[in-house]
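Take a look at the structure set out below.
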2 protein chains.
Amino acid sequence: MRTQVVTIHDVARAAGVSPATVSRVFNGGRVTPERAQSVQQAAAELGFAPNRLARSLRKQRSSVIALIIPDIENPFFTSLARGVEDAAQRTSLSVVLCNSDEDTDKERRYLEVALGEQMAGVIVAAASQDDTDLGPLIARGVPVVAVDRRPHEAEVDAVRADDQHGGEVATRHLLRAGYRRIACITGPEGASTSEERLAGYRAALHAARSEGIVADDAYVRHADFRVEGGRAAMREMLALPEPPDAVFVTNNLMTIGALDALAEVGRTPPGVGVLSFGDVPWASLVRPSLTAVELPSYELGRAAADLLLQRMEGSAAPLQTVVLRTRLQIRESTAGPVATD
Amino acid sequence: MRTQVVTIHDVARAAGVSPATVSRVFNGGRVTPERAQSVQQAAAELGFAPNRLARSLRKQRSSVIALIIPDIENPFFTSLARGVEDAAQRTSLSVVLCNSDEDTDKERRYLEVALGEQMAGVIVAAASQDDTDLGPLIARGVPVVAVDRRPHEAEVDAVRADDQHGGEVATRHLLRAGYRRIACITGPEGASTSEERLAGYRAALHAARSEGIVADDAYVRHADFRVEGGRAAMREMLALPEPPDAVFVTNNLMTIGALDALAEVGRTPPGVGVLSFGDVPWASLVRPSLTAVELPSYELGRAAADLLLQRMEGSAAPLQTVVLRTRLQIRESTAGPVATD
DNA sequence: CAAGCTGGTGAAAAGGATTTCACCCCCATA
DNA sequence: TATGGGGGTGAAATCCTTTTCACCAGCTTG
C-alpha cells in the first residue's frame, strides 16, 4: 500500500539514481553537479517532502527543540518564548511550545514526549523544584537547559535572574520610601523563584530591624502566581487588624490581582505601596504607574537557547548557571505613604 | 552500537517473550494476564520508554497535534490555546504550539514540520488569507481546522467569530452614543478578521448616511494587529485637520497602542470614544473601563479542537464552519462625546 | 471422532530515511 | 606501465516499533 505521497525511492527512480544519492543531495554529500541537478528537479516535480520521522529515527535526533513553560497566559513566559524562538531562528531548528500549566503531571507528559520524540534539546521552566524529573533526558544525552526556575538537584545548565538580590533591592526601596508594614505575596512553595524573591524580602527586613521594622509572617502569603491568587492573598491581608501599608508581589499577574483587591476597598497606590517583581503587561495603561523589578524575560529565553545550542554543537564545557541582572524601575506606586495618605 | 537506552527487544528478552507481545501489552492487544504482568514488570525495571518516532513512522501518524498561531504575545491567542489544550487533555494527544509571528515564511516552515512529522492534526490561525498553503496537509489526509482566520480558498473546517456582525454592532453603538467622526483601525489587508470587522464598520456607517454620517477613508487605517501599529495609526489620525471623535479598533493590542497615542495628546475616553474588538488584557486595571466586543477566545480554541478530534476519529461529515457569537460589552469608554467634552 | 473455531503467540515484513562499506573509475605519480 | 589514491556511487544494514500472517493448542459442536 502506497501511503507516503512520495519517498526518496520515487525520486531516485525518477532521477535514475540510487536512494543513497538522493539522500546525499539533500544532506550535503558529494554528488556530481549534473546528477544533483536532476535529483533536485525530480524532487521538485514529484513534490517530495522528506519524512522527518524516518530521518529522525535513523539519526537518533530530531530537529525540533521543546520549550516547556508553566503558564502560557503569562506575558513573562511568552516574551521568554520569543527570545528562544529568535535564537533558534538562525538555525534550522524549530521550537515547539508546551504549556505545563504549573501541573507536574502535564509537565511529566511533555517531558516524556520530548524524550520519546528524540527532541534535539529541551528548555524548561520547571513547574516544581522537586517533582520535575529531568533524569531520563539527561541520561539519554539530550541537552537540557533550565530557565527561570531551577529544578532542585538536577545537573543541568541554567539561566535565571538574580531573584534574591532583586527581592532585596525592591524591599529596601519600599523601606526607604517610608513604608513600615511591608507584606509579601509570593508564589507557590517549591518554586525557586518564589523562595528566592521571598528570601530577598526577608533579608531586607532583617537588615532593617534596628530601625524598628519587624518581620511578621502574617504579612507573608504563598499564592499561585496567578491573578486570582494575588487577589485572594491581598484580600486576606487587608482583613488583618493592622493591614500592611505596602506590598511586594513576586510576580506580575499576582500584582494585578492585588491591585484589584486594593481597588475593591478603595485604596490605591501609593497610599498603599505596591511593587511588582516583573513588569505588569501593558503597564502603560495602569494608573498610577507601577514600580517594578524589571525582569529580562526576552533575554532569559535568548540566553537559554544560546546555551542549549552550544551544547547541541557538542560543547563539553562544565555546567554553567547564567544569572541575568534585574533592574528596579521606580515609578509612582511607591512614592511613599505620607505623600497622599 | 547501543543507542536507545532500552528497546522493546530488551524488554522482550527480559520477559522471555517476543517483541510482538511486548507491543501488544502496550497497545491493548490480547495477551494472557500473567505474561502481560511479567512484561509490565520487565519494562518497569528496565525503565523502558517507547520510541515515539519509530511508532509514528510505522503507524503513519504521530500523537501530537500542532496549533499554529500568529502572535504568541497576544492574550487572545494564548487563551485560545488554552481552549485547545483543555479539549485535547481528555485524549492521549499532546498539543504543541507554533508561533508564526504573522510571518508566512515561518508559518510555511511550521506547516512543513507538521507534515513531515506526520502530526495527527493541525489547527491553524492563518497568517495570511492567500499565502497559507494547507494543500499538502489536506492532500496527505491530515485533518486541518482553521480557527479565527479563514484561509482563502482552502477546503477545511473552520471555527470563527461573527466578525462582520460584531463590527457592525460596535460601530452602531458608537453612532448611537453620539459620535460623528468615527475612525477604524483595522489589521493587515489579507487577514479575514481585518477585512470582515472593517466591512461591518463600513456597513454601519453606510446605513447611517441618511443621518449625515459620511464614511471617509482617511479615517480607515490598516495596521499590524500589534501595539505599535495601533499607536502609529492613532497618531496619524490625530494629526488630521479634523481628527476623529471616536475610534473602533479591531483588536486588543492595537487598542492599547491607540490609547497610548491618545494619552500622549492628553485626550481620554469617553471624550474620544474608544471601542475594542476583543477584550484588552487585564482590562480591570484600565481607567476608564473599556467598551469592547467580547470575543470567545477560549471557546474558539475549544470548538476547533473538538472539530479536529471528530475528524481524527474519522467523521466524514461535510465540511463545516462554526461561527461563534460575539457580545458587545458596554462600559465607560464610549459614554458619548457630550458627557465630558 | 472429525471438523471448526478462537485466543494467543512469534517470525518477519513494513514504514522511509541515513550511513557504512565495498567497489569502480580515472588520474597522478613513481 | 604498474601502483596508489581519491571522488563518486549503489547495495544493504540500520534505527525501533507495529502489524500481518501462519501456526498451534485447546475447546466446542455436529
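Among the residues of segment B:72-98, which ones are more than 7 Å from chain A (Cβ to nearest Cβ) and either open to solvent by 10 Å² or more (accessible area, probe 1.4 Å) or under 12 Å from the mean Cα position of the chain (by Cα) (or both)?
At the first step, the residues of segment B:72-98 found to be more than 7 Å from chain A (Cβ to nearest Cβ) are B:74, B:76-77, B:80, B:83-84, B:86-93, B:95.
Those that are more than 7 Å from chain A (Cβ to nearest Cβ) and either open to solvent by 10 Å² or more (accessible area, probe 1.4 Å) or under 12 Å from the mean Cα position of the chain (by Cα) (or both): B:74, B:76, B:77, B:80, B:83, B:84, B:86, B:89, B:90, B:91, B:92, B:93.
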Of all residues in segment B:21-57, how many are more than 14 Å from every other protein chain (Cβ to nearest Cβ), among the small types (Gly, Ala, Ser) and open to solvent by 50 Å² or more (accessible area, probe 1.4 Å)?
-> 1
Taking the residues in segment B:153-182 that are in contact (Cβ under 8 Å) with a residue 12 or more places away in the chain, at negative phi and assigned to a loop (DSSP other than H, G, I, E, B) as candidates, determine which candidate is surrounded by the fewest Cβ atoms within 10 Å (Cβ to Cβ).
-> B:155
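Go through segment B:35-152 and tell me which helices (runs of 4 or more DSSP H), entirely inside it, have 2 or more residues that are more than 16 Å from DNA strand D (Cβ to nearest atom). So that I can check it myself, show each step before the final result.
On the way: elements: B:52-59, B:75-89, B:104-116, B:135-139.
So the answer is B:75-89, B:104-116, B:135-139.
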In the set B:143, B:188, which member is of a type outside the set (A, V, I, L, M, F, W, C), buried (at least 23 other Cβ atoms within 10 Å of the Cβ) and touching a residue at least 60 places away in the same chain (Cβ under 8 Å)?
-> B:143
Tell me, which residue of segment B:294-304 that is surrounded by 23 or more Cβ atoms within 10 Å (Cβ to Cβ) and within 14 Å of another protein chain (Cβ to nearest Cβ) is farthest from residue A:268 (Cα to Cα)?
-> B:301
Subset of segment A:196-230, residues at pLDDT 95 or above, open to solvent by 40 Å² or more (accessible area, probe 1.4 Å) and either part of a helix (DSSP H, G or I) or touching a Phe, Trp or Tyr at 6+ places or on another chain (Cβ under 8 Å) (or both), comes to A:202, A:206, A:207, A:228
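May I ask you to verify whether residue A:12 is more than 7 Å from DNA strand C (Cβ to nearest atom), small (Gly, Ala, Ser) and more than 25 Å from residue B:60 (Cβ to Cβ)? Before you say what the answer is, go through the steps one by one.
Details: more than 7 Å from DNA strand C (Cβ to nearest atom): yes; small (Gly, Ala, Ser): yes; more than 25 Å from residue B:60 (Cβ to Cβ): no.
No; evaluated as a whole, the condition is false for this residue.
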Filtered residues of segment A:265-283 (kept if more than 10 Å from chain B (Cβ to nearest Cβ) and under 28 Å from the mean Cα position of the chain (by Cα)) | A:273, A:274, A:275, A:276, A:277, A:278, A:279
Inspect all residues belonging to segment B:284-293 and state whether any of them is open to solvent by less than 10 Å² (accessible area, probe 1.4 Å), on the phi > 0 side of the Ramachandran plot, modelled with pLDDT of 90 or more and within 14 Å of another protein chain (Cβ to nearest Cβ).
-> no
Going through (1) surrounded by 24 or more Cβ atoms within 10 Å (Cβ to Cβ); (2) not in a loop (DSSP other than H, G, I, E, B) one by one, residue B:262 fails only at (1)
For residue B:262, work out the one condition from (1) farther than 22 Å from residue B:83 by Cα; (2) more than 13 Å from chain A (Cβ to nearest Cβ) it doesn't fulfil.
-> (2)
Inspect all residues belonging to segment B:118-125 and state whether any of them is within 12 Å of chain A (Cβ to nearest Cβ) and either touching a residue at least 12 places away in the same chain (Cβ under 8 Å) or not basic (Lys, Arg) (or both).
-> yes
The condition from (1) at the interface with chain A (Cβ under 10 Å from one of its Cβ atoms); (2) open to solvent by less than 60 Å² (accessible area, probe 1.4 Å); (3) acidic (Asp, Glu); (4) closer than 25 Å to residue A:48 by Cβ that residue B:112 misses is numbered (2)
Kindly provide the set of residues from segment B:280-306 that are under 17 Å from residue B:325 (Cα atoms) and in a helix (DSSP H, G or I), ordered by number.
-> B:297, B:298, B:299, B:300, B:301, B:302, B:303, B:304
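Residue A:87 - would you say it is within 16 Å of DNA strand C (Cβ to nearest atom) and either under 30 Å from residue A:103 (Cβ atoms) or among the aliphatic types (A, V, I, L, M) (or both)?
Values: within 16 Å of DNA strand C (Cβ to nearest atom): no; either under 30 Å from residue A:103 (Cβ atoms) or among the aliphatic types (A, V, I, L, M) (or both): yes.
When the stated conditions are applied, residue A:87 does not pass them.
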Considering (1) of a type outside the set (Ser, Thr, Tyr); (2) under 19 Å from residue A:281 (Cα atoms); (3) touching a strand residue (DSSP E or B) at 6+ places or on another chain (Cβ under 6 Å), say which one residue B:288 fails and leave the rest.
-> (3)
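The values are calculated or read from the model by the stated rules, or taken from the named source; none is laboratory data. All figures in this text were calculated on a predicted structure; none of them were measured in a lab. Note: ideal-geometry Cβ built from the backbone for every residue, glycine included; neighbour counts use all protein chains shown. The accessibility values were calculated without ligands, DNA or RNA, using every heavy atom of the protein model including side chains. Shrake-Rupley method; radii C 1.70, N 1.55, O 1.52, S 1.80 Å.
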